[in-house]
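What follows draws every value from the coordinates through simple rules; no lab data is involved. Bear in mind the structure is a predicted one, so any value in this text is a computation, not a measurement. When we count neighbours, we look across all protein chains shown, and the Cβ atoms used for this are built from the backbone with ideal geometry, even at glycine.
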Amino acid sequence: MNEKNELLNKLHRLKQEHRDLDEVLIQLQEKQTVNFSQIQRLKKRKLILKDRITYLRNKTEPDIIA
């Protein structure tokens, strides 16, 4: 169970970082002076986080075949 708890904690941290990036991206896009390269880097980071979240979610949730 300890490994599962560690994975769940990591999953929670990644989800929080993903939400934080959402907020930062929204704020940056609302600015008059937009730094497109910074926005692109943040979007790429967000996609990487989403992939890691999906991987961890699949690893922690039971594989139910209907």
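For a straight C-alpha distance cut-off of 28 angstrom, the lysines reachable from residue 4 (same-chain residues fewer than eight places away being disregarded) are 15, 44, 46, 50, 59.
Go ahead and run the numbers for FRET between residue 8 and residue 37, Cβ-Cβ distance against an R0 of 30 Å, rounding to 0.05.
Numbers: r = 35 Å, r/R0 = 1.15.
Step by step, r from the Cβ atoms, then E = 0.30.
Measuring nothing but alpha carbons in region 2-60 and taking Rh as the Kirkwood radius, the Rg to Rh ratio lands at 1.12.
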